[in-house]
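Heads up: the structure comes next, in structure tokens.
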Amino acid sequence: MQEITVFDRFAPFVREYIWSHGWESLRAVQVAAAQVIFDTDHHLLLTSTTASGKTEAAFFPILTELYERPARGIAVLYVAPLKSLINDQFGRMEELLRESGIPVTHWHGDVAASHKKKLLACPEGILQITPESLESMLINRSNDIPRLFGDLRFVVIDEVHTLTGADRGNQIQCQLSRIARLIGHQPRRVGLSATVGDPQQAAEWLSGDSGILCEVPTLPPAALRWRLGLEHFFFANADPDQSDDKKPLDGGENSPLDAGYEYMYDCVKDKKALVFSNSREETEYLTATFRQIAARRHDKDRFYIHHGNLSAALREDAERRMKSDEEHAVTCATVTMELGIDIGRLERVLQSDAPTSVCSFLQRLGRSGRRDAPPEMMMVFREEDPLPNTPLPQLLPWGLLRAIAIVQLYLEERFIEPPRRKKMPMSLLFHQTLSVLAASGERTPRALAEQILKMPPFTAVAREDYRALLVHMVTDGFLELTEQKGLIVGLAGERLLRSFQFYAVFKDSEDFTVRATGEHGTAEEIGTITTPPPVGDRFALAGRVWEVEELDIARRLVYVHAVAGKMEVSWPGDYGEIHTRILQRMRRVLAEDTDYPYLKPNAKHRLDVARHLARNTGVTEKMLLHLGGRTWCLFPWLGTRGFRTLRRTLTANAAALGVSGIEYEGCCYLKFHLDGDGATLAARLSVLGEEGIHAAELVGAAELPLFDKFDALLPRELLQKAFATDRLDTVEAAGVLRALGNEWGV
């Protein structure tokens, strides 16, 4: 099919939309999507760069099919991981559908009940929904599913890369399996993403248990046009030029408060920009710091903030400001702004420290440079100026090394992390067991197992493990065994189901809502915090400092008023896994002589110093190094799972190895005391590698590894087995131990 033929096959309102936007031709992704949807009955995975027109590529042919063959009920189910993404796409879809007669409804926790009632009364068109709202619908309106979705033609899943291998993605697989079972047919699935590491794996995930082939069109590789810069600063040095040994500035009125933060401020002060951090804590601190610098310089405060603990009103205000024509608006954000919300022409992205993955780097970089301008990103690294007695591993700039490795892996190999599949997603299994029983009523254990274990996320779960879970759920009252030997939801299960928080499979906390007195005397919601301080104390939220006026513990409310200043804040949680390829490439960064053109003077100087240090100390040659006395250090160059496995292996065999006082940072190094010599240790570790590491032996008998939402409600033995199966990598760890023996010639 030629491009002109594709255009001619689109519905009249689609062609009018294309004309009105002045498009001279269709993009390759739009032609490829139309070919699959028009000429096959297959699923479709579209992977192309940010702002390449994937959404339109999927919906042009889908809407044409609906226009030519109207559906009875909801025809398209659009599932997205974020409310903000749904809100954004809702506005874009309304424009496209204005002349089509096809309605679009968005459905999530912030949407008015009247809009939902309208759809329930007259189901039609396109439904845009989050996984949590879809779960609620399956539980509370299970009898309505055939009426609502009986003629469902397409399921469009956005930002597929955030879902494959994650509990929310597995939840969607379960939901699609349940819907197909209730309506008696498999709708076609269309997945959208800019950053898929292994397209074939993602295609298999998208197909699930549908039995339908998923096509992944091969598109011409996009030319890389980036404006990228990396710069580095030490905390204690106020001099913005730290590439040479200079004295810091005299601390006068014009001296920077902090050279790194001042540099970051200057990077964005005259631009419309996003500032990304890897944690809510850093996002809060950056926002407050930028506001402090603006006040000191008498600049206008144009800084906004966006993360998951802020109120919907504050998040939406930041999104609106970025979409508006307001000049030089800057939003500090976490992953919540990483996904494909269209915020117009963004001039620059600023990244504080290194992202944790190639995927995250590409997503964040891709937020800028739309409307034919190349993406533009600055990464800035702040590091404590080391003291003379600082140990070797802490002298290396790990964040800078990781950033260079991430950039080089993509430039050299187009590497993006492949999805990791959980073989024992026990928390989700608990959740779906309750959900299915709540929706369908009494089921025999055999019938329940037949349905649940056939869902794609659970095909690797052994029947005896599921039997153990069901027995535990009955014992603890989450399930009840009837006189007819069937299973129903028990009293404890009903208590869980009564909370709207049950619908989400991601971990949440019983946070306190923070309210501040607004301009008109109303208590404006600011966001949430995990632990409230006592009355009179202060804390940071939304880039500002608040003093507690009153605590309402029963209603979990904190009443505050704003005060001047800046404070640090903390939330529980982890910040994602790092792939082994990144650590391996970090080692090469230290070993090679390559000059990277995107390094600014300070960063280049910092890397030169690190390379000199690494070569003089043997870091680039050997993994096991003697730091002096009884202190040794192991640089295994492993990602999160392999490193975790190696650390546990060392700990489990510490007495036999003569090892004690193990310390570590991230997955960069292991520092410990050794009774003996390095050759003997390397020989013993090499034997462990040759014999093979057994993951189950690395989990303590009394250990309760809690990671996912419902883990605390699961039997200990299943949690331990799931941890050993899904969170350890014995192959990688054993490989390092064998390589260690080779390095030492033992």
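The values are calculated or read from the model by the stated rules, or taken from the named source; none is laboratory data. Just so you know, these numbers come straight off a predicted model, no measurement behind them. Positions of Cβ are backbone-derived with ideal geometry, glycine not excepted, and every protein chain shown enters the neighbour counts. For accessibility, only protein heavy atoms count, side chains too; no ligands or nucleic acids. Shrake-Rupley method; radii C 1.70, N 1.55, O 1.52, S 1.80 Å.
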Hey, if you put +1 on the Cβ of every Lys and Arg and -1 on every Asp and Glu Cβ in the chain, which of A32, N653, A724 ends up farthest toward the positive end of that dipole? A32
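Can you give the charge dipole size of region 397-466 about its Cα centre, rounded to the nearest 20 debye, using +1 on the beta carbon of Lys and Arg and -1 on the beta carbon of Asp and Glu? Kindly include the intermediate steps, with their values, before the conclusion.
On the way: 10 positive and 7 negative charges, 15 e Å.
Charge dipole, region 397-466, about its Cα centre: 80 debye, nearest 20.
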Tell me, what is the Rg over Rh of the chain, with Rh the Kirkwood radius over Cα pairs? 0.97
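Determine the share of region 29-115's accessible area contributed by carbon and sulfur atoms, expressed in whole percent, with a 1.4 angstrom probe.
Working: 1400 of 3050 Å².
With neighbouring chains kept in place, the figure for region 29-115 is 46 percent.
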Under a point-charge model restricted to the Cβ atoms of Lys and Arg (+1) and Asp and Glu (-1), what is the dipole moment magnitude of the chain relative to its Cα centre, in debye to the nearest 20? 1200
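I need to check one value: relative contact order of the chain, counting alpha carbon pairs closer than 8 Å and at least 6 residues apart, in percent. Numbers along the way, then the final one.
On the way: 1301 pairs, mean separation 88.0, N = 746.
The value is 12 percent.
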Karplus couplings for region 124-133 from phi (6.51 cos²θ - 1.76 cosθ + 1.60, θ = phi - 60°), rounded to Hz, Gly and Pro as x? 6, x, 10, 10, 9, 8, 8, x, 5, 5
At R0 = 60 Å, how high is the FRET efficiency between R320 and E464 if r is their beta carbon distance? Nearest 0.05 is fine. 0.65
Which value, in Å² rounded to 10, gives the accessible area of L392 with a 1.4 Å probe and all protein chains present? 20
Computed ³J(HN,Hα) along region 670-677: with the Karplus parameters 6.51/-1.76/1.60, θ = phi - 60°, integer Hz and x for glycine or proline, the list is 10, 10, 7, 9, 10, 8, x, 10
To the nearest 20 debye, what is the magnitude of the charge dipole of region 626-714 about its Cα centre, counting +1 on the Cβ of each Lys and Arg and -1 on the Cβ of each Asp and Glu? 160
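What is the extension gain from V474 to A655, computed as 0.36 nm multiplied by their sequence separation minus the C-alpha to C-alpha distance, in nm to one decimal? Present the calculation step by step, with values, prior to reporting the outcome.
On the way: separation 181, 0.36 × 181 = 65.16 nm, distance 4.17 nm.
In short, 61.0 nm is gained.
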When the charge dipole of region 462-536 is computed with +1 at the Cβ of Lys and Arg and -1 at the Cβ of Asp and Glu, the Cα pointing farthest to the positive end, of A492, L479, T528, is that of L479
I139 - accessible surface, heavy atoms, 1.4 Å probe, Å² rounded to 10: 20
Relative contact order (percent) for region 99-215, with alpha-carbon contacts under 8 angstrom and 6 or more residues of separation? 23
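Run the numbers for N616 and H185: contour at 0.36 nm per residue of separation, minus the present Cα-Cα distance, in nm. Provide the component values of the computation, followed by the final result.
On the way: separation 431, 0.36 × 431 = 155.16 nm, distance 6.56 nm.
Gain in length upon complete extension: 148.6 nm.
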May I ask you to compute the full-extension gain from L213 to L551, defined as 0.36 nm times their residue separation minus their alpha-carbon distance, rounded to one decimal in nm? 116.1 nm
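Apply 1/(1 + (r/R0)^6) to the Cβ-Cβ distance of D110 and R297, taking R0 = 56 Å, and write down the FRET efficiency to the nearest 0.05.
Details: r = 37 Å, r/R0 = 0.66.
Using R0 = 56 Å, I get an efficiency of 0.95.
Roll a 1.4 angstrom probe over the protein heavy atoms and tell me the percent of accessible area of region 556-639 that is carbon or sulfur.
53
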If amide hydrogens are placed 1.01 Å from N in the peptide plane, which non-local residues have theirs closer than 5 Å to the one on E124? I74
In region 349-409, if the dipole is taken from +1 on Lys/Arg beta carbons and -1 on Asp/Glu beta carbons about the Cα centre, which of L395, V380, G369 is farthest to the positive end? G369
For E95, put the label point 7 Å out on the Cα→Cβ axis and report which residues of region 296-319 keep their amide N under 18 Å from it. 319
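With a 1.4 Å probe and all protein chains kept in place, how do R189, R495 rank by accessible area, largest first?
Working: R189 10, R495 145 Å².
Sorted by accessible area, descending: R495, R189.
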Using a 1.4 Å probe on heavy atoms of the protein chains only, the accessible area for K604 in Å², nearest 10, reads 80
For region 588-605, in residue order, the Karplus 3J(HN,Hα) values (coefficients 6.51, -1.76, 1.60; θ = phi - 60°; whole Hz; Gly and Pro = x) are 5, 4, 5, 7, 8, 9, 4, 9, 8, x, 8, 7, 7, x, 4, 5, 4, 5
Could you rank the peptides 358-369, 142-153 by their average count of other C-beta atoms within 10 Å per residue, with the highest value first? 358-369, 142-153
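First compute the accessible area of region 391-483 with a 1.4 Å probe, then give the percent of it belonging to carbon and sulfur atoms.
Numbers: 1810 of 3560 Å².
On region 391-483, the fraction of accessible area on carbon and sulfur atoms equals 51 percent.
Return the subset of K422/K709; K422/K507; K300/K600; K116/K507; K323/K507; K269/K604 for which the Cα-Cα distance in this structure is over 19 Å, preserving the input order. Show your work: numbers first, answer last.
Numbers: K422/K709 15 Å; K422/K507 16 Å; K300/K600 28 Å; K116/K507 26 Å; K323/K507 30 Å; K269/K604 24 Å.
In this structure, K300/K600; K116/K507; K323/K507; K269/K604 exceed 19 Å between Cα atoms.
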Accessible area per residue, Å², the chain with all protein chains present, probe 1.4 Å: 43
Other-chain or far-sequence residues with amide H under 5 Å of Y78's (modelled H): L127, Q128, I129, V156
